[in-house]
Amino acid sequence: MTVAAPHEIADRYRRIREEVGTAVTVVVATKYVSVAELASLVDAGIEVVGENRAQDLERKHAEYGDAFRWHFIGHLQSNKAKIVDRVCELVHSLDSDSTARRLSIPALLEVNLSGEGSKSGVPPEEIAGFVERYPLVRGLMTMPPLTSDPQSSRPYFRRLRELAGQHGLAELSMGTSQDYRVAVEEGATYVRVGEAVFAQGDPDRVRG
């Protein structure tokens, strides 16, 4: 992917932050941003980035270090947890005991609310057990079914907020470039946006 110029990225980032408010952390998803292209995000003043792969995280962190606050937002295998634990301040996608046992940093439990077999995450009935076993769990994350209509995500976001409340959890990671506005309306404290911030072209016509 070719990223936009730093001044364009900075302008989009500023507008999104103004939209979501100070209570919401904007995590810029950099899965498709190369090591070299990350320099444009530094120049644009991006603060928090989210990586999907541990090996990419390690390589990018080696180059940029503390230029960003690093989050992990992809599926995390237990054998990669050591890398993530060393580099990141938060994991958004915890979904197994084996990984939880290898983490010392805070994490959000990924919940599969759609029942799709292709998605990671634990079923809602397993939340209580994870919260009891692992004090590092600070909140919940979910990924609604892929759709062109942002409003279709609302029931999933609302349900996640309800579940967090039932289990005394304050943090909610939900919403991407396509539906982050709906997520914020439903109580998101983290939104994960990518192309809406850095892709070339009209940011309102991209997603991710």
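The values are calculated or read from the model by the stated rules, or taken from the named source; none is laboratory data. Everything quoted here is computed from the prediction, not taken from an experiment. Neighbour counts are summed over all protein chains in view; Cβ atoms, including those assigned to glycine, are modelled from backbone coordinates with ideal geometry. Side chains included, ligands, DNA and RNA excluded: accessible areas come from the protein's heavy atoms. Shrake-Rupley method; radii C 1.70, N 1.55, O 1.52, S 1.80 Å.
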Those aspartates and glutamates that a straight Cα-Cα span of less than 16 Å connects to Lys60, excepting residues fewer than 8 apart in one chain: Glu37, Asp43, Glu47, Glu51, Asp85, Glu89
Stretchable slack from Arg101 to Thr147, in nm (0.36 nm times residue separation minus alpha-carbon distance): 13.1 nm
Glu162 paired with Tyr32, simple spin-label distance in nm, labels 7 Å along Cα-to-beta-carbon: 3.4 nm
Rounded accessible area of His75 (nearest 10 Å², 1.4 Å probe): 100 Å²
DSSP-defined antiparallel bridges as percent of all bridges, the chain, nearest 5: 5 percent
Share of carbon and sulfur in the accessible heavy-atom surface of segment 18-173 [1.4 Å probe, %]: 46 percent
Convex hull volume per residue for segment 1-74, taking Cα atoms only, in Å³: 84 Å³
Pairwise FRET efficiency - Thr2 versus Tyr134, Cβ, R0 = 30 Å, nearest 0.05: 0.15
Mean-position separation - Cα centroids, segment 21-45 and segment 70-149, in angstrom: 21 Å
Column: log10 I(q)/I(0), Debye, Cα scatterers of the chain, q = 0.08, 0.13, 0.16, 0.19 Å⁻¹: -0.25, -0.68, -1.04, -1.43
